[in-house]
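> The structure's right below; bear with me while I get my questions together.
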Amino acid sequence: MGSKRQTAATVGDRGPVETPSGDTENLLGQDDSTPCFVYVLAFFSALGGFLFGYDTGVVSGAMLLLKKEMNLNALWQELLVSSTVGAAALSALCGGSLNGWLGRRICILVASFIFGVGGVILSIAQDKVVLLAGRIVVGLGIGIASMTVPVYIAEVSPPHLRGQLVTINALFITGGQFVASVVDGVFSYLSHSGWRYMLGLSTVPAVLQFFGFVFLPESPRWLLQKGRSQEACQVLSRIRGDQNIDEEYDTIKASIEEEEREAGAGGVVILRILSHGPTRRALVVGCGLQMFQQLSGINTVMYYSATILQMAGVRDDKQAIWLAAATSATNFVFTLVGVWLVDRVGRRKLTLGSLLGTGLSLTLLAVGFLLSAQNSPPVTFHPVDPHNSTCRLYSSCDLCMLDPYCGFCFRENGTTVSESSCVPVSQASTDHAAWGRCFNNTEESDGPIWAYNYCPTSYSWIVLLGLILYLASFAPGMGPMPWTVNSEIYPLWARSTGNACSAGVNWIFNVLVSLTFLHVAEFLTYYGAFFMYTGLVVLGLLFVYGCLPETKGLQLEDIENLFTGRLCSCGGLSANESRYVHYTRQSSDLSPAQYGAVDSDSAIAYITVSTVSM
Ligand SMILES: O[C@H]1[C@H](O)[C@@H](O)[C@H](O)[C@@H](O)[C@H]1O
């Protein structure tokens, strides 16, 4: 076979070894040195994450220029932003069958090809319809990449590094968002066609990933599942370098056969998942995590950061763009902390800690908004309204800014607000009022200030602190863990479909939360909205506490055993206490009928199923 499979005698010598830390890789007889090929694979795959982050992040800056150049109304702006996320939801859901059918590698190639085509369409678009088509194409690529890349990385990684390597994908997502905000900043100075560079630059990583993957191998687990054992063996030994692959190979093979016997081969995968207890429970955990990730309001906070910064006194557009880049940089840097922690403290503790911090900082954000609302500047100046709009009815800035048709026009002297009025916003642009003093946006320092969507307040520092704490808590845990955990909790036969469903849930809740935020804020006020997110985070905390088991260090094939108990008791099980399967290769030619046959004295002991305490 040309691989480094060894004889039974050699492998049998090593046997399972328990370590004080309970690290399973040592149980598998592998040492911790990792060939750098695995890092190359992780890097090229994670470019999919980068494109996901770049394409979702770049649009806000591009929109500032596009809306002027193409005269886009609010509906078109909304369409260009959410069409991508909507298309991603659809393609993530369909990506499951594509993934199981064509394999991870082909799906990544397809996704990078789609990203490339989308980038070209966007950079040469002459009108808004073509732009919309380009955004939809890009969304289709994002959806496929978001569900395939974590699965591929998890399947090629050795257990002791899997958490870290899959989390690198999430790091690349936030890295993509950060680079997008810097590119937005740089090209915002190019008011004509700057958006073409912003949107088109994504073609570069897409092409890089495409050519990289032409030379990179398919996942050995998928190959084995498709019965292509020889190729699987070759790929595994290429990925593992000089290490012995026998145990890993046999573990994967045995578990595929075992899974097929247990869950029954054939039939619609989602129905098989739903009728098979452990996999159904894994799906609930995976989808729940993705749902709570979005319900924690990350994209609202990111999107809203510009407004928060405006509240804090940053009034200049360009400055706001650069400070928004600082927000995504914070998200990126703290995801790095997650990469460092994931294989040290484990997924469960990291997610719980992150949710706790996220909840507390959301409370702080809500309190900041509450204090600002309670001390909101009153309307003191009532100009004659030629159209008798509703704006003249509001008595304070807080009420005025919650009406999407109105904005606050005022003068500022230090921290004192004077000559303040609530007037209609222009239909052409939210950057100025429909008429009156704030119709012409002047750069003069003593000119009137136009505040749309925010109010001047001296409590902005609380909100700013809340924002920073929010990102510092969310980014290491709740940002990456849903992707990481989903890549590892499903058995091989259900992995593509499980990830497709959970990624679909992520995108669907992403659209829901971003589209409803302004309405929720109108109905509950800003502080009400943030208190609501706090409540949802508390629910997420209970869910994770009750349902998320620890998967750190386990071989992918063993993780299914963590879901054998009732749904909300599995959180209590950790890798250290669960029913645990040891696959110890002693003879490579046993038939599945010999599973479970434990004969410690003979050389044919194959699998022992036991409860171990590590
Ligand atoms: O994990 C990512 C990450 O946290 C991003 O910052 C966010 O925009 C995505 O919605 C999320 O899925």
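> Give me a comma-separated list of calculated 3J(HN,Hα) values for the range 186-196, in order, Karplus coefficients 6.51, -1.76, 1.60 applied at θ = phi - 60°, integers in Hz, x for any Gly or Pro.
Running phi through 6.51 cos²θ - 1.76 cosθ + 1.60 with θ = phi - 60° gives 4, 7, 5, 6, 9, 5, 9, 6, x, 5, 4 Hz.
> Rounded to the nearest 0.05, what FRET efficiency do T516 and K226 have when you use their Cβ-Cβ distance and R0 = 30 Å?
So the FRET efficiency works out to roughly 0.10.
> Next question. With labels modelled as points extended 7 Å from the Cα through the Cβ direction, what inter-label distance (nm, one decimal) is found for F523 paired with V284?
A separation of 2.7 nm, rounded to one decimal place.
> In vacuum, with every alpha carbon of the range 377-456 counted as one equal point scatterer, what does the Debye formula give for log10 I(q)/I(0) at q = 0.11, 0.15, 0.16 Å⁻¹? Two decimals, please.
-0.22, -0.42, -0.49
> Computed on alpha carbon atoms, what radius of gyration and Dmax characterise the range 479-572, expressed in Å?
16.4, 48
> Same structure, new question: Going out from 0 in 10 Å bins, what whole percent of all Cα-Cα distances in the range 34-216 drops into each bin?
Reading upward from the zero bin: 11, 39, 32, 14, 4, 0.
> So, one more: Any chance you could run the full-extension gain for I468 through E69? It's 0.36 nm times the residue separation minus the Cα-Cα distance, nm to one decimal.
My answer for the length gained is 140.3 nm.
> Using a Förster distance of 30 angstrom, determine the FRET efficiency expected from the C-beta separation of L274 and L542, and round it to 0.05.
The formula returns an efficiency of 0.80 here.
> Now a separate question. Net charge near F178: determine it from the other residues with C-beta under 15 Å of the C-beta of F178, scoring Lys and Arg +1 and Asp and Glu -1.
Cβ neighbours under 15 Å give a net charge of -2.
> 5 Å is the cut-off here: which amide hydrogens, built 1.01 Å from N in the peptide plane, fall below it relative to G553, excluding neighbours closer than 5 in sequence?
G163
> Across the range 139-144, in residue order, what do the Karplus-derived ³J(HN,Hα) couplings come to in whole Hz, using 6.51 cos²θ - 1.76 cosθ + 1.60 with θ = phi - 60° and x for Gly and Pro?
Calculated HN-Hα couplings, in order: x, 4, x, 4, x, 5 Hz.
> Still on this structure: Can you put E259, E560, E419 in order of Cβ neighbours within 10 angstrom, beginning with the fewest?
Lowest count first: E419, E259, E560.
> Ok, one more. Between S389 and S97, what FRET efficiency comes out of the Förster formula 1/(1 + (r/R0)^6) with R0 = 45 Å and r the beta carbon distance, rounded to 0.05?
0.30
> Whole-Hz ³J(HN,Hα) for each residue in the range 392-405, computed from phi via Karplus 6.51 cos²θ - 1.76 cosθ + 1.60 with θ = phi - 60°, x for glycine and proline: what do you get?
Result, rounded to whole Hz: 5, 7, 7, 9, 9, 4, 4, 6, 5, 6, 6, 8, x, 8.
> Here is a follow-up. Roughly how many whole Å is it from the C-alpha centroid of the range 43-118 to that of the range 228-289?
29
All of the numbers you see were taken from the coordinates with simple rules; none came from a lab. Since we're looking at a predicted model, the values are computed, not measured. Don't worry about glycine lacking a Cβ; one is built from the backbone with ideal geometry, like all the others, and counts go over all protein chains shown.
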